[in-house]
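Values in this text are rule-based calculations from the coordinates and carry no lab data. Bear in mind the structure is a predicted one, so any value in this text is a computation, not a measurement. Glycine gets a Cβ as well: all are built from the backbone with ideal geometry, and neighbour counts include every protein chain shown.
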Amino acid sequence: TVKNQIHSYYAFYNEELKSRIIHNKEMEDRMETALAHHEFCAYFQPKYDTETKELAGAEALVRWNTGDGRIIPPTDFIPVFEENGLIVGLDEFMFREVCRQQREWIDQGRRAVPVSVNLSRYNIFYSSFINKYQDILREYEISPKLVPLEITESVMSEDEVLLRNIIDELHSIGFSVLMDDFGTGYSSMTMLGSMPIDVLKLDKSFVDDIGDSKGEKIIRSIIDLSRGLGIRLTAEGVETEEQYEFLRKMKCDEIQGYYFAKPMPGSDFQALLNTEK
Ligand code: C2E
Ligand code: MG
Ligand code: MG
Ligand code: MG
């Protein structure tokens, strides 16, 4: 069964992990205090339908509000949390936070849109995350359809068979699975055909190449390929009108980027959700 596979993989993975762990007790304490003091919060970056420019959903992105007025971006602490394993707890906190927030918005009668959360490589292969996430969905009575999971492309090369089984299991529960940062990892184009993902997120580095004829050819072929495979496409890091227009012509499904909106606090995102049903 997939559980046994996960278990044995994790036993191996755990050993490897342990040997790499920085026994940073101080950081652990700091994180626990931060969780207890509600210093972490979710920001929401809207995603838009490329054709209609309608709000199509959001991505939840963690922010660390240290209490002295500073907001630390995830790139400053996530690598450390990945080193010492704290990332598992942080991802779970974010998943719970999004479910809680979705429940609140639904209860207010607002339009429900999917809000994706990021799942670190440590969580994906950590045997109990699926059960834990299901418990959280039940607790808040939230459909898994409203909380798609973003998995970064670089994990695709780790254990393909196991990962495919995990994605199958996530699908059987009702989750959608997005491949994040596509183009930055090592996964080959052929893996797209065998990995049952629902959405491919085209990395910002590709979007940055719009305007360059070679870059545009590459994007065009990725869009053609994903369309041929029945995978939806979201472009991330769209910053200019020119990039938007190109992606619209290419019929990229959704876009996310500063051109439309930056990540924002829940209270601001809530205002974008129509209160009429
Ligand atoms: P990501 O998942 O690829 O998220 C997109 C990042 O691109 C976000 O950075 C977002 O603010 C940024 N971005 C979006 N549009 C634009 C744009 O037009 N221009 C530019 N320059 N940047 C744009 P952020 O919030 O700093 O997050 C960085 C990374 O940290 C994320 O990349 C993700 O890998 C990780 N991360 C964030 N939250 C979580 C979390 O809760 N769990 C885990 N495991 N990772 C997270
Ligand atoms: Mg992401
Ligand atoms: Mg991304
Ligand atoms: Mg990215």
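GLY69 passes every criterion in (1) surrounded by 12 or more Cβ atoms within 10 Å (Cβ to Cβ); (2) assigned to a loop (DSSP other than H, G, I, E, B) apart from (1). Taking the criterion of being without any contact (Cβ under 8 Å) to a residue 12 or more places away in the chain and not hydrophobic (A, V, I, L, M, F, W, C), would at least one residue in the range 174-197 satisfy it? The answer is yes, given that some residue of the range 174-197 is without any contact (Cβ under 8 Å) to a residue 12 or more places away in the chain and not hydrophobic (A, V, I, L, M, F, W, C). None of VAL113, VAL98, VAL147, VAL177 is touching a Cys at 6+ places or on another chain (Cβ under 7 Å), within 23 Å of ALA235 (Cα to Cα) and either away from ligand 1 (no atom under 16 Å from the Cβ) or of a type outside the set (Ser, Thr, Tyr) (or both) except VAL147.
Looking only at residues in the range 122-131 that are touching an Asp or Glu at 6+ places or on another chain (Cβ under 7 Å) and free of Cβ contacts under 8 Å to residues at least 60 places away in the same chain, the one that is farthest from ligand 3 (Cβ to nearest atom) is ILE130.
In a residue-by-residue description of the range 225-240, the property of being of a type outside the set (D, E, K, R), away from ligand 2 (no atom under 16 Å from the Cβ) and under 22 Å from PHE44 (Cα atoms) applies to at least one position. Within the range 187-237, being hydrophobic (A, V, I, L, M, F, W, C), more than 15 Å from ligand 3 (Cβ to nearest atom), assigned to a helix (DSSP H, G or I) and out of contact with any Phe, Trp or Tyr (no Cβ under 8 Å at 6 or more places or on another chain) holds for MET189, MET191, LEU192, ILE223, LEU225. Across the range 132-151, a minimum of one residue is classified as within 16 Å of ligand 3 (Cβ to nearest atom), free of Cβ contacts under 8 Å to residues at least 40 places away in the same chain, of a type outside the set (Val, Ile, Thr) and under 26 Å from CYS41 (Cα atoms). Scanning the range 46-66 for residues that are away from ligand 1 (no atom under 15 Å from the Cβ), over 18 Å from MET94 (Cα atoms) and in a loop (DSSP other than H, G, I, E, B) yields GLU51, THR52, LYS53, GLU54. Does PHE246 count as of a type in the set (Phe, Trp, Tyr), within 16 Å of ligand 2 (Cβ to nearest atom) and either touching a Gly at 6+ places or on another chain (Cβ under 8 Å) or more than 15 Å from ALA58 (Cα to Cα) (or both)? Answer is no for this residue. Go through the residues of the range 233-242 one by one and say whether even a single one is among the polar types (S, T, N, Q), within 16 Å of ligand 1 (Cβ to nearest atom) and over 20 Å from the mean Cα position of the chain (by Cα). Yes, the conditions are met somewhere in the range 233-242. Could you tell me how many of the residues in the range 67-85 are polar (S, T, N, Q) and either in contact with a Pro (Cβ under 7 Å, 6 or more places away or on another chain) or more than 11 Å from ligand 1 (Cβ to nearest atom) (or both)? Adding up the residues that qualify gives 1.
Taking the stated definitions as given, is SER226 crowded, with 20+ Cβ neighbours inside 10 Å, away from ligand 4 (no atom under 15 Å from the Cβ) and small (Gly, Ala, Ser)? Taking the combined requirement at face value, the residue satisfies it. When each of LYS214, LYS201, LYS251 is tested for being of a type outside the set (Ser, Thr, Tyr) and touching a Lys or Arg at 6+ places or on another chain (Cβ under 9 Å), the lone residue that passes is LYS251.
The residues listed here are SER143, SER205, SER116, SER120; of these, the one that is among the polar types (S, T, N, Q) and more than 16 Å from ligand 4 (Cβ to nearest atom) is SER143.
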